[in-house]
Amino acid sequence: METAHKKAFIFRELLQRLFAGRYRFGERIPVKELSEELGVSKQPIMTALNSLQERGFVRITAQVGCEVIAPTADEIEDFYRMFAAVEAVIAGLAASRATPEEITRLAEINQQLTAVAPDASPAEVYRQINVLFHRQLHDMAHSSLVSSRQLANFELSDFFIVQTCGFDAHLELVAEEHQAVIDAVASRDPRRAADAAQAHILSVSDSVAGFLHHPAAR
């Protein structure tokens, strides 16, 4: 495996383990054991972990090691306020710039969510469809710089959901919240689209932070 491919593989593997909940908040990530398991030296693993640190997933401490971040409920709420504000900008741009064909595609993706059965362990299916929905919305904004920055926030949000309430907690609300965004974009109302997108992300925040604020409900 070429070095560049090896580094990309290890990064994707660690990211997928984080999305799957293999490593929990505050848990140490053992570099030596990973090196032996994956059959590589420590250097490409540390390269991947440094990239994950830059994205906010882990924290590396010199002479100590690497551990998964353990944010407080307040820190997570602060993140979602920022995340929601950027999504509001994107939705407002989409309302001004999207083509009719793009709006139709957005609605089709949301229809896929309504077909996900809440009792059929849909977490990964939901996550994949939700990613498609928001990537489509971002494409409709026709602002690649803003959208690329927001993608990293979506990855971190998915990680927070996995670590706390799980995707099932929001499944019954998400299609309706998405529809509010679609309707506003289709009506070419940037302000309403921005408000709907912001409300959707803050609704997710309520589920995630609420889990941490009320540990007895776990």
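Rolling a 1.4 angstrom probe over the protein heavy atoms with all chains in place gives region 50-140 an accessible area of 50 Å² per residue.
Leaving out ligands, DNA and RNA, what percent of the accessible area of region 108-211 is carbon and sulfur, probe 1.4 Å?
Numbers: 2440 of 4620 Å².
In region 108-211, the share of accessible area belonging to carbon and sulfur is 53 percent.
Modelled spin labels at Val131 and Arg59, positioned 7 Å past Cα toward Cβ, are 2.7 nm from each other. On the beta carbon distance between Val31 and Ala107, with R0 = 30 Å, the FRET formula returns roughly 0.05.
Pairwise Cα separations in the chain fall into 5 Å bins from 0 onward with the following percentages, short to long: 1, 7, 14, 17, 17, 15, 12, 9, 5, 2, 1, 0.
How high is the relative contact order of region 18-170? Use alpha-carbon pairs under 8 Å, at least six apart in sequence, and give a whole percent. Reported relative contact order: 27 percent.
If you run the Gaussian network model on the chain, springs between alpha carbon atoms under 10 Å, then out of Ile182, Ile90, Ile69 the most flexible one is Ile69.
Here region 96-218 is described by how far its Cα atoms reach on the three principal axes: 46, 28, 22 Å, from widest to narrowest.
Using θ = phi - 60° in the Karplus curve 6.51 cos²θ - 1.76 cosθ + 1.60, the 3J(HN,Hα) couplings for region 73-80 round to 4, 5, 5, 5, 4, 4, 4, 5 Hz; x is entered for Gly and Pro.
Of the residues Glu33, Glu108, Glu176, which exhibits the maximal mean-square fluctuation in a Gaussian network model of the chain defined by a 10 Å Cα contact cut-off? Ranking Glu33, Glu108, Glu176 by mean-square fluctuation puts Glu33 first. At full extension, Ala8 and Glu176 could sit 56.8 nm farther apart than now, given 0.36 nm per residue minus the alpha carbon distance.
Helix content alone sets the calculated 222 nm mean residue ellipticity of the chain: runs of n ≥ 4 DSSP H residues at -39500 (n - 2.57) each, divided across all residues, give -24500 deg cm²/dmol.
Length available on full extension from Ser187 to Asp206: 0.36 nm per residue minus the Cα-Cα distance, which gives 4.1 nm.
The values are calculated or read from the model by the stated rules, or taken from the named source; none is laboratory data. Please read these numbers as outputs of a predicted model, since none were measured by experiment. Cβ: placed from backbone, ideal geometry, glycine included. Neighbour counts: every protein chain shown. For the accessible areas, the whole protein counts, side chains as well, though only heavy atoms, and no ligand, DNA or RNA atoms are used. Shrake-Rupley method; radii C 1.70, N 1.55, O 1.52, S 1.80 Å.
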